[in-house]
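Peer 1: What follows is a structure written as structure tokens; I'll ask about it next.
The values are calculated or read from the model by the stated rules, or taken from the named source; none is laboratory data. Model, not experiment: these values are computed from the prediction. Neighbour counts are summed over all protein chains in view; Cβ atoms, including those assigned to glycine, are modelled from backbone coordinates with ideal geometry. Please note that ligands, DNA and RNA were not included when accessible areas were found on the heavy atoms of the full protein model with its side chains. Shrake-Rupley method; radii C 1.70, N 1.55, O 1.52, S 1.80 Å.
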Amino acid sequence: MFGLGMQEFLVIALIILLLFGGKKIPELMKGLGQGVRSFKDGMKDIEKPVEDIKKEISELEKKD
């Protein structure tokens, strides 16, 4: 993953654990998960109007 070996990954994980502590990491991961979920929901909200516009364009082309 990203050119990192297992040793490098463990060192990074250890540094994160030391910086934030064991109690803060679950809170950080929860916030990250909520952010990803919110992003996906936002993408769905954008895709729906785009599909509606494509449908309207195809209907207009059929009329011509």
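Peer 1: Could you look at the chain and say what percent of its accessible area is carbon and sulfur, using a 1.4 Å probe and all protein chains?
Peer 2: Solvent-exposed carbon and sulfur of the chain make up 66 percent of the total.
Peer 1: Hey, got the dipole for the range 4-56? About the Cα centre, +1 on K and R Cβ, -1 on D and E Cβ, debye to the nearest 20?
Peer 2: 220
Peer 1: In square angstrom, what is the accessible area per residue of the chain with a 1.4 angstrom probe?
Peer 2: Value returned for the chain: 98 Å² of accessible area per residue.
Peer 1: Give the lysines whose C-alpha is closer than 25 Å to that of K40, dropping any in the same chain fewer than 8 places away, or say none.
Peer 2: The reachable lysines, counting only those whose Cα sits under 25 Å from K40, are K24, K30, K48, K54, K55.
Peer 1: Per-residue HN-Hα couplings for the range 43-57, Karplus 6.51 cos²θ - 1.76 cosθ + 1.60 at θ = phi - 60°, whole Hz, x for Gly and Pro?
Peer 2: 5, 5, 5, 7, 5, 4, x, 5, 5, 4, 5, 4, 5, 5, 5
Peer 1: Which values of log₁₀ I(q)/I(0), to two decimal places, follow from the Debye formula for the chain at q = 0.16, 0.24, 0.27 Å⁻¹ with a uniform point scatterer at every Cα?
Peer 2: Values, matching the q order: -0.74, -0.99, -1.04.
Peer 1: Counting Lys and Arg as +1 and Asp and Glu as -1, what is the net charge of the other residues whose Cβ lies under 14 Å from the Cβ of V50?
Peer 2: Residues close to V50 contribute a combined charge of -1.
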